[in-house]
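Notes for the one structure printed next.
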Amino acid sequence: PWCGHCKRLEPEWATAAETLASSEGFSPPIVLAKLDATDEKNTELAKEHDIKGFPTIKVFREGATKGEDYSGPRVAKGIVSTLEKLAGPATFALFTAKDVEEFVEKAPVVMLAVFKAQGDKELKVYESAARAMKSGGGGLDLNFGYVLDAELLPGVASDAAAPAVYMYKMFDERVVPFEMDLTVANLKLFVESRSLPLVAELDKKPESRNILRRLFKFRAPKVLSFVDYKNEVQRAEIKAALTEAAARGETEYKFVIGDATENEGAIKFFGVSPDMLPAVVLHDTNADKKYVLQPAVPSEIGAWLDKFKAGSLEASIKSEEPPKNNLGSVKVVVAQTFEEIVTGNSGKADVLLELYAPWCGHCKRLEPEWATAAETLASSEGFSPPIVLAKLDATDEKNTELAKEHDIKGFPTIKVFREGATKGEDYSGPRVAKGIVSTLEKLAGPATFALFTAKDVEEFVEKAPVVMLAVFKAQGDKELKVYESAARAMKSGGGGLDLNFGYVLDAELLPGVASDAAAPAVYMYKMFDERVVPFEMDLTVANLKLFVESRSLPLVAELDKKPESRNILRRLFKFRAPKVLSFVDYKNEVQRAEIKAALTEAAARGETEYKFVIGDATENEGAIKFFGVSPDMLPAVVLHDTNADKKYVLQPAVPSEIGAWLDKFKAGSLEASIKSEEPPKNNLGSVKVVVAQTFEEIVTGNSGKADVLLELYAPWCGHCK
C-alpha cells in the first residue's frame, strides 16, 4: 500500500480491468486482481510467488498453480493491448508463398517453422514457447509463423525434414537454423541469444531501444566501442573487427558500437579519453570491472579479448585527484592515495577507514563524531603504532572499483587496516566519538592477558559473564599467536564478541580443569549454563570465532528489555539458524519453569541447530501479533525458519511435546502456519481483491474458467498507484 509505483499503477489497473470486463472478445475471459503482499497474513503466500519488488505482476493461465512473470506495459492501454495479444493466436499458419514473403518482411526478426501436420506435438511446444514469450515481455514477443510444406521456406532446402525451426533476420545472417532439442526453454534461449545483432548500435533511435535494453540485461561481459562516426573508415574497421570477434564467440560477450560525440556520458563513466579514439571498453558486469583499450587497433581487439578470457588483462582504475591540502585530522583517501595512506604504511599506523556516501544520512550523522574522534586520537601520544581515521567517498565513480573490492554492504562501512594490511577487518563498534576512541583504546591495548597467580585467575574469571582462558607451554608458542590473533580480530569486529582473553603457562591455575591438562588447551568460563566449556576444534582464528559466537550465548535467552539482554538478543537474532521463541505467562511460575526446562533440554541436545528464546507474553505483544500467536492459548512456542521465512506455531504448548515437535520440523513433516486477512465482503469490482484465504478460489482453482493477471502490490508503492 505504501509503494509509489503501486499507487501510480492503481488507476491504470482499474481502467484496464473495466475495459476487459466490458469486452466480449476473450475466451476464456481475463480477470485482473490484486493482493496486498505486505499484509502479514498474506506474506507467506506472496513469498511462494517469488516477489522481488513492488508491484510484481503474474499471469495465471486457466487455473495454473504457478504464475508466469508479466513484464509488459503498465498503462491501461498497454495492459489491454498486451492482453489482447496474449488472448490472440500465439502462432500464424501460412499456406502460400505470398503469405510467407509478407510474414518475413513484416519485422526485423521473425520465427518460422515447418511441421508435418496441425496436431504435431512439436507444434504444441512451438505454440507454448510463443505464448510464454508474449506474456513474458522483455522484447521477446516476436511473430511465430509455421508452414506444413518446406518448399514455402525461403533460403531453406525444399526437402528440409520437418519439424524444423528457423529465425529470419534483416541483419547479419538472413536465416539462422534452430539446432537444439525442441523445448520451450531452448526456444526462449535461442530467441534471447540470436535475435540481437552481432554488433548493436549505441544510439537513441526508437528501433535501437528494445535491442539495447535486452542486450544490457545479459550478464555476459559487454564490449563497447566508441569511435568518431565522421571518420567512416575508422567506424567500418572497428565494426568489422567487433563483428568478427562476435561471430567467433557471441555467447561470451555482447558487442556495441557508438559515436563518441553522442555518448559523452558513457565515455566519462568508463574513463575513456575522447582525445584517443577509437576506444574499446570491456565491462565485466559480474565482477563490475572495466578494461579500456585506447587508441584501439582493429587487428589487436581479438587478442585483447583473449587476454581477458585467460585472466591476464589488468582492470582500469580511475582516480580523482587527491586533495592538495590533506592536513586535517581525518585523512581524505582517493583511489590514487589508497596505498600510500591505508595499505602501504606497514609498521607506521593502524587505519580506521570510513567508506561513505555524501547523500547518506547515517554518514552525515557520523561526520562530526568521526572528526572529534580523529582529533582526540591525533592529540594522544599513547598509541604505538598511531591510529589514523580516514574516509573515502565510495559513490564517486572514480572510487567505486576500489570500494567494491572491500565488500561494502551499506553506508557507512568502516574497516580496520592494521599496520599496512591489504584487507581490512570489519569494524562494528560504537559510532559516537567517545565510543570510537574507547574501542580503539581497547584495540591498541593488549589482545590477551597473561595471568601468573591463582588470585589473578580468580579475579579474571569473575570479571565478566563470559571470558576465555587458555593454557600454553611458553610465551613464544605459535598456538598463543593464533589465540592472540583471534582475540584481536574479535575486538575490532565488534558484534559483542570482544570478550576478555586470558592465558596461563601452568594448567594447575585453571579452575574446574584437571591440573595435568595438556597444553595448549582453550576454555570458555561462563556464569550461566555449564561453568567451563572446552574448545575441541583445530586451533585457528576462524574456529575460535565460531566457538565464541555459538557457545557464549545462553542456551535459552530472555526476550526482555534489560540492558544486559540487548547484546545477547542482537547477536542471537543475527544467526541464520531457526529461532525457537516461547511466549508464556510470567505470573505463572510453574508454567515458566516447565517451558524453560523443556527448551533448555532441547537446546542442550542440538544447540547449533536452533537458537532458543523465552519471553513474557504481556511484555511482547508486538512479537505475539507478528507470529500470529493467540494470547488466550498460552504457553505458545514459535519456530521461525529465517532461511525460508516460514513460521510454525505450537499452542497451547505441552513441555513434554516440544522436542518431538522440533524433530518433525527437522524431518520436514511440520506444516507452516499461514495467516490470512479476511476476504472483502463485497468483491464485485472489476479488479478482484485476493487474500491468502481466497487465493485458490480466485487464482489457481478456476481451471478452464478464466486467465488471471495478478498484481502483487504494496499500498505505499508509487508505481502501484
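Numbers below:
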| read-out | value |
| --- | --- |
| Number of positions in the range 279-295 that are modelled with pLDDT of 90 or more, over 15 Å from Asn263 (Cβ atoms) and buried (at least 18 other Cβ atoms within 10 Å of the Cβ) | 3 |
| Conditions (1) assigned to a loop (DSSP other than H, G, I, E, B); (2) in contact with a Leu (Cβ under 6 Å, 6 or more places away or on another chain); number of the one not met by Asp560 | (2) |
| The range 686-721 - residue that is part of a strand (DSSP E or B) and surrounded by fewer than 18 Cβ atoms within 10 Å (Cβ to Cβ) and, of those, farthest from the chain's Cα centre (by Cα) | Val689 |
| Residue selected from the range 66-104 under the condition acidic (Asp, Glu) and modelled with pLDDT of 90 or more, by the criterion least open to solvent (accessible area, probe 1.4 Å) | Asp99 |
| Residue match in the range 622-632 (condition: at pLDDT 85 or above, over 20 Å from Ser673 (Cα atoms) and either more than 32 Å from the chain's Cα centre (by Cα) or surrounded by fewer than 15 Cβ atoms within 10 Å (Cβ to Cβ) (or both)) | no |
| Residues that are in contact (Cβ under 8 Å) with a residue 40 or more places away in the chain and open to solvent by 30 Å² or more (accessible area, probe 1.4 Å), drawn from the range 173-197 | Leu182, Thr183, Val184, Lys188, Glu192 |
| Odd one out for Pro274, checked against (1) assigned to a helix (DSSP H, G or I); (2) of a type outside the set (Asp, Glu); (3) surrounded by 14 or more Cβ atoms within 10 Å (Cβ to Cβ) | (1) |
| Test: Val522 is over 22 Å from Leu569 (Cβ atoms), open to solvent by less than 30 Å² (accessible area, probe 1.4 Å) and at pLDDT 95 or above | yes |
| The range 525-546: number of residues that are open to solvent by less than 30 Å² (accessible area, probe 1.4 Å) and over 19 Å from Thr600 (Cα atoms) | 2 |
| Matching residues, the range 204-234, being hydroxyl-bearing (Ser, Thr, Tyr) and assigned to a helix (DSSP H, G or I) | Ser208 |
| Some residue of the range 248-259 being among the basic types (Lys, Arg), assigned to a helix (DSSP H, G or I) and either within 29 Å of Arg194 (Cβ to Cβ) or open to solvent by 30 Å² or more (accessible area, probe 1.4 Å) (or both) | yes |
| Residues satisfying the stated conditions in the range 296-338, i.e. under 30 Å from Lys239 (Cβ atoms), of a type in the set (Gly, Ala, Ser), open to solvent by 30 Å² or more (accessible area, probe 1.4 Å) and under 35 Å from the mean Cα position of the chain (by Cα) | Ala303, Ala310, Gly311, Ser312, Ala315, Ser316 |
| Within the range 449-489, considering residues that are within 43 Å of the chain's Cα centre (by Cα) and farther than 16 Å from Tyr523 by Cβ, the one most open to solvent (accessible area, probe 1.4 Å) | Lys478 |
| Selected residue (only one of Gly119, Gly145 is outside any loop (DSSP other than H, G, I, E, B) and of a type in the set (Gly, Ala, Ser)) | Gly145 |
| For Ala660: the one exception among (1) part of a helix (DSSP H, G or I); (2) touching a helix residue (DSSP H, G or I) at 6+ places or on another chain (Cβ under 9 Å); (3) of a type in the set (Gly, Ala, Ser) | (2) |
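For every residue, the table says whether it meets (1) at pLDDT 90 or above; (2) part of a loop (DSSP other than H, G, I, E, B); (3) basic (Lys, Arg).
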residue: Leu327; (1), (2), (3): no, yes, no
residue: Lys331; (1), (2), (3): yes, no, yes
residue: Phe338; (1), (2), (3): no, no, no
residue: Val342; (1), (2), (3): no, no, no
residue: Ser346; (1), (2), (3): no, yes, no
residue: Cys363; (1), (2), (3): yes, no, no
residue: Ser384; (1), (2), (3): no, yes, no
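To keep it simple, each residue is scored yes or no on (1) in contact with a Leu (Cβ under 8 Å, 6 or more places away or on another chain); (2) among the β-branched types (Val, Ile, Thr); (3) on the phi > 0 side of the Ramachandran plot.
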residue: Thr38; (1), (2), (3): no, yes, no
residue: His49; (1), (2), (3): yes, no, no
residue: Thr65; (1), (2), (3): no, yes, no
residue: Pro73; (1), (2), (3): no, no, no
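The values are calculated or read from the model by the stated rules, or taken from the named source; none is laboratory data. As the structure is a prediction and not an experimental result, all values here were calculated from the model. We place every Cβ from the backbone using ideal geometry, glycine too, and count neighbours over all the protein chains shown. Keep in mind that these areas ignore ligands, DNA and RNA; they rest on the heavy atoms of the full protein, side chains included. Shrake-Rupley method; radii C 1.70, N 1.55, O 1.52, S 1.80 Å.
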